[in-house]
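Heads up: the structure comes next, in C-alpha cells.
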Amino acid sequence: MSEWLLYDVEDQIATVTINRPEKKNAMSYQMLGEFIEMMAQASNDDSAKVVILTGVPGSFCAGTDLADLVTIPGETRGLRGSAEEESKWWPIVACEKPVIAAIDGPAVGMGAEFSSQCDIRIASTRARFAWNFAHRGLVPDTGAGSWLLPRLIGTSQAFWLLYSGEFITAQQAKELNYISAVFEPDELLSEARKMANKIVQGSPFSHRRIKSLVYEGLGIDIASHMKHHTEALAECFKSDDHKEGVASFLERRPANFTGK
C-alpha cells in the first residue's frame, strides 16, 4: 500500500483516494508510478465492478509536484513511457471498468488531465479546473487535454482553456458539459456511490466492451467502428452475462452477472 494512495472496495465499488493533502495531492514521479499501478490493480480486481477516483476532502490533484520535477533538468528528463504504452499515459482510460471522478477541490494540470480520462465526472462546489501547461512551457502532459478535451467540450472552448490556462469553477465546467453535476462537498462521495451502485447492476462483460467501443470510436471511421461493434455484439450474444440478463428479465428477478 502507498502512503499517498488509498484503495478500498465495498459493495463491488473500488475507491481510489489520492492522499497527499499537504501538497493538494500534487504528483511526484514516484507517486505517479504508484498511481498507474493502482489503476491497473483496480482494473484487475474481480471484487470490484466500478471505480470511484477521488481525493482527500478539499483536494483532487493540483498537478505535478514542481519541487520534485525540477530535481531532474528538463534537457535530461525522460518521458514516463513510449507513445505506444498507452496505459502509462492514460491509466484511467486503460482501466477496463467504469470510472467515476468525484472532484472536491483543484484539478489542475495533470489533475485536470486525470479528470478528462474518467468516464463520468461530478464535482463539488469547491472544485476548480485548469489546464495551465502553457504557463509552464509545456503541452498537456498526458495528451488527454489535446485529444480528449476537444472531443468533450469542442475545439473552441478547449483551445481557450489550453491557451489561457484559465481556472474555471465547477459550475462553469458543468455549463461546458465537462462535468455531469455539482454537489455540496459533504454530498459528493455519497452521490458518486449512488451513481456507482446503479452501474454495478449492469453487466461487467458489457461495460468492458462499451468502454472500449466508445474510446476507440472517438478516433476511427464509422466502418472501422462498426467492425469492432459487430465483433463485440457477437461476443455478447455468446456470453454468460447475456444469458443471465435475458433469464433475469423473464423470471422477474435481479440479474446476477459474473462478467463472463
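Going by the conditions given, is Ser224 over 21 Å from Asp104 (Cβ atoms), without any contact (Cβ under 8 Å) to a residue 12 or more places away in the chain and assigned by TED's automatic domain parsing to the domain that holds Phe133? So Ser224 does not fit the description; no.
Does Lys260 fit the bill of being among the basic types (Lys, Arg) and in contact with a strand residue (DSSP E or B) (Cβ under 8 Å, 6 or more places away or on another chain)? Judged against the criteria, Lys260 is not a match. On inspection, Lys227 qualifies as among the basic types (Lys, Arg) and within 24 Å of Ala94 (Cα to Cα).
Among the candidates Ser146, Ser87, Ser124, the residue that is at pLDDT below 95 and of a type in the set (Gly, Ala, Ser) is uniquely Ser87. Condition check for Lys243 on (1) basic (Lys, Arg); (2) farther than 22 Å from Ala94 by Cα; (3) part of a loop (DSSP other than H, G, I, E, B): one failure, at (3). Has the range 219-240 got any residue that is among the small types (Gly, Ala, Ser) and within 30 Å of Asn132 (Cα to Cα)? So far as the range 219-240 goes, yes, one or more of its residues are among the small types (Gly, Ala, Ser) and within 30 Å of Asn132 (Cα to Cα). Give the number of residues within the range 207-260 that are out of contact with any Lys or Arg (no Cβ under 8 Å at 6 or more places or on another chain), over 17 Å from Glu96 (Cα atoms) and acidic (Asp, Glu). Result for the range 207-260: 4.
Might you check whether a residue that is outside the structural domain of Gly137 (by TED's automatic domain parsing) and touching a Pro at 6+ places or on another chain (Cβ under 7 Å) occurs anywhere in the range 249-260? For the range 249-260, residues outside the structural domain of Gly137 (by TED's automatic domain parsing) and touching a Pro at 6+ places or on another chain (Cβ under 7 Å): present. Only one of the numbered conditions (1) touching a helix residue (DSSP H, G or I) at 6+ places or on another chain (Cβ under 7 Å); (2) on the phi > 0 side of the Ramachandran plot; (3) among the basic types (Lys, Arg) is not met by Lys260, and that is (2). If you go through the range 184-223 and pick out every residue that is of a type in the set (Gly, Ala, Ser) and farther than 29 Å from Val246 by Cα, you end up with 3.
One line per residue, one yes/no per condition, for (1) more than 13 Å from the chain's Cα centre (by Cα); (2) assigned to a strand (DSSP E or B):
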{"residue": "Met31", "(1), (2)": "yes, no"}
{"residue": "Ile36", "(1), (2)": "no, no"}
{"residue": "Ser43", "(1), (2)": "no, no"}
{"residue": "Ser47", "(1), (2)": "yes, no"}
{"residue": "Ile52", "(1), (2)": "no, yes"}
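None of Ala158, Ala173, Ala196, Ala247 is surrounded by 12 or more Cβ atoms within 10 Å (Cβ to Cβ) and in contact with a helix residue (DSSP H, G or I) (Cβ under 7 Å, 6 or more places away or on another chain) except Ala158.
The values are calculated or read from the model by the stated rules, or taken from the named source; none is laboratory data. Bear in mind that the values here come from a model prediction, so they are computed numbers and not experimental data. Ideal geometry is used to build each Cβ from the backbone, glycine not excepted, and the neighbour counts take in all protein chains shown.
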